[in-house]
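Data block below; observations after.
Any read-out appearing in this document is the output of simple, stated calculations on the displayed coordinates, not a laboratory observation. None of the values given here were measured: they were computed from a predicted structure. Quick reminder, even Gly has a Cβ in these numbers, built from the backbone with ideal geometry, and neighbours come from all protein chains shown.
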Amino acid sequence: PAYTRPRLRALMPALASEGCDARNLSRLAARMARADAALERFADGAEGYLALHAPNQPGLDAAYFAGLPEEIRIRLLQRAINRVGHEGPAELGKVETLATALDSAFEARKAGQGVLLKQTLAGALIVLSGDRLEVRPAPRRRKPA
């Protein structure tokens with residue numbers, strides 16, 4: 001019981017009686033892979049549209065970005081951060097937290113508050129200012145003396 005594999009083996013009969021057998025789990029995994037592929041294609045299209053929408057302006061149109069489904073916003077944020085960041089890939093949980101902070105800032109803007117959001121993540125600087133959302137490289141951290 002100290003190791004994961006024996007604990008899972010002990011749970012398998014109970015899970016199977018509830019419908020969580022290997023066949024159903026395999027079917028679920030295939031469905032999730034199909035949904036993930038569809039979301040990636042949607043994210044590709046949204047990213048392309050955002051790039052073409054205002055090619056001469058820095059960043060993304062904040063209003064359009066805010067109107068996208070949450071999962072697409074998270075995927076686009078993670079892509080942008082990973083593209084320009086210099087501290088390795090952004091952790092999904094931290095990107096989700098950032099997306100929540102952006103949602104709050106978007107809501108505050110709807111209420112007429114001029115909110116500026118400025119945050120770093122994985123070596124990227126995310127700035128919501130005016131009607132633009134920018135993701136650019138963050139200044140490098142100072143090395144300890």
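Points to keep in mind about this one:
- Gyration tensor verdict on segment 54-112 (Cα atoms; rounded if a/c is under 1.5, prolate if a/b is larger than b/c, oblate otherwise): oblate
- Separation between Cα centres of segment 102-135 and segment 38-98, rounded to whole Å: 13
- For the chain, the square roots of the Cα gyration tensor eigenvalues, ordered a ≥ b ≥ c, give a/c of at least 1.5 with a/b greater than b/c, which places it in the prolate category.
- Under the span-like rule (Cα at least 24 Å along the axis, Kyte-Doolittle mean at least -1.0), DSSP H helices of the chain: 22-53, 92-110
- Proximal charge balance of Tyr64 [Cβ under 12 Å; K/R count +1, D/E count -1]: -1
- Relative contact order of the chain, pairs being alpha-carbon contacts under 8 Å that are 6 or more residues apart, as %: 19
- Candidates Ser26, Ser129, Ser104, ranked by Gaussian network fluctuation over the chain, Cα under 10 Å, top entry: Ser26
- The label point for Ala22 and the one for Arg141, both projected 7 Å from the Cα toward the Cβ, are 4.5 nm apart.
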